[in-house]
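One structure is given here, and the rest of the page talks about it.
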Amino acid sequence: MRFLRRRSDDEAASVVSETSESAEDAAGRAHTAGKGRPTPKRRDAESKRRGPAPPPPKTQREAQKLARKNRASRDERRKDAADRRRRMMAGDERVLMPRDRGPVKAFVRDTVDSRRHLIGLFMPLAGLVFISLVLPFPQLQSMVSLFCMAMLAAILLEGVLLGRRITNAARDKFPKEQIGGLSLGWYAFSRASQIRKLRVPKPRVKIGDTI
């Protein structure tokens, strides 16, 4: 009976040992059931799905072919250019050239566009001089040259007065802005010398409006 009892104790110990070992194995399997590595980032996963990057071009011909492949279509480029042109003509600050940006430049454009100026005859006057040089009439050429010299003097005088007037008005309206008289005066002169229909951005005020 003592032998049987000892055997039963041994069997109980072995059962407990086996149970603990099986529990440890289950815990180990449960612990190692995960991925065992950190979760990859979305960018890395997407790049892995897309595959490796293509090799760089080895020759100039391959580079040109790849550039043509990645370039937008002609219709898309035309559409983007037309949209940019439309926004520029409307005065969108995001697409304007650096020389046309800012409230000071917009004020100068509105001031120039609200009046007629003798400076606006500068380009037609240049065309008249060119035509007079082509025609074989010396007397007509001398008369046109004299007229153009007088008009040019009047245009320069008006340009100086216009630049000073607009510069003073801009400094009064924007006292916190640093305004250079020469640069702003030249901007006003160049705006006034352009034909009204060809000005960029388009005039947003009518002739005679108060600014």
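Checking each residue in the stretch 180-208 for being open to solvent by less than 70 Å² (accessible area, probe 1.4 Å), touching a residue at least 12 places away in the same chain (Cβ under 8 Å) and not in a helix (DSSP H, G or I) picks out 194, 199, 200, 201, 203, 205, 208. For residue 106, the conditions (1) buried (at least 16 other Cβ atoms within 10 Å of the Cβ); (2) touching a residue at least 24 places away in the same chain (Cβ under 8 Å); (3) within 31 Å of the chain's Cα centre (by Cα); (4) in a helix (DSSP H, G or I) are fulfilled apart from (2). Can we say residue 112 is in contact with a Phe, Trp or Tyr (Cβ under 6 Å, 6 or more places away or on another chain), at pLDDT 85 or above, open to solvent by less than 70 Å² (accessible area, probe 1.4 Å) and within 22 Å of residue 165 (Cβ to Cβ)? Answer is no for this residue. If you check residue 92 against the conditions, is it open to solvent by less than 50 Å² (accessible area, probe 1.4 Å) and not in a helix (DSSP H, G or I)? Yes: the conditions hold for residue 92.
Looking across the stretch 157-168 at every residue that is open to solvent by 100 Å² or more (accessible area, probe 1.4 Å) and free of Cβ contacts under 8 Å to residues at least 12 places away in the same chain, the one that is farthest from residue 104 (Cα to Cα) is identified as 157. Check the stretch 125-146 and report whether any residue there is under 29 Å from residue 91 (Cβ atoms) and in contact (Cβ under 8 Å) with a residue 24 or more places away in the chain. There is at least one residue in the stretch 125-146 that is under 29 Å from residue 91 (Cβ atoms) and in contact (Cβ under 8 Å) with a residue 24 or more places away in the chain.
Against the definition (small (Gly, Ala, Ser), under 16 Å from residue 99 (Cα atoms) and touching a Lys or Arg at 6+ places or on another chain (Cβ under 8 Å)), how does residue 120 come out, yes or no? When the stated conditions are applied, residue 120 does not pass them. For the stretch 115-156, the set of residues classified as under 21 Å from residue 203 (Cα atoms), part of a loop (DSSP other than H, G, I, E, B) and open to solvent by 60 Å² or more (accessible area, probe 1.4 Å) consists of 115, 116, listed by residue number.
Consider residue 76 carefully, then state whether it is out of contact with any strand residue (DSSP E or B) (no Cβ under 7 Å at 6 or more places or on another chain) and closer than 25 Å to residue 196 by Cα. Answer is no for this residue. Taking the stretch 169-178 as the range and being open to solvent by 30 Å² or more (accessible area, probe 1.4 Å) and either under 17 Å from residue 97 (Cα atoms) or hydrophobic (A, V, I, L, M, F, W, C) (or both) as the test, the residues that pass are 169, 174.
The values are calculated or read from the model by the stated rules, or taken from the named source; none is laboratory data. Since this is a predicted model, take the numbers as computed values, not measurements. When we count neighbours, we look across all protein chains shown, and the Cβ atoms used for this are built from the backbone with ideal geometry, even at glycine. Quick note on the areas: whole protein, heavy atoms, side chains included, nothing else; ligands and nucleic acids left out. Shrake-Rupley method; radii C 1.70, N 1.55, O 1.52, S 1.80 Å.
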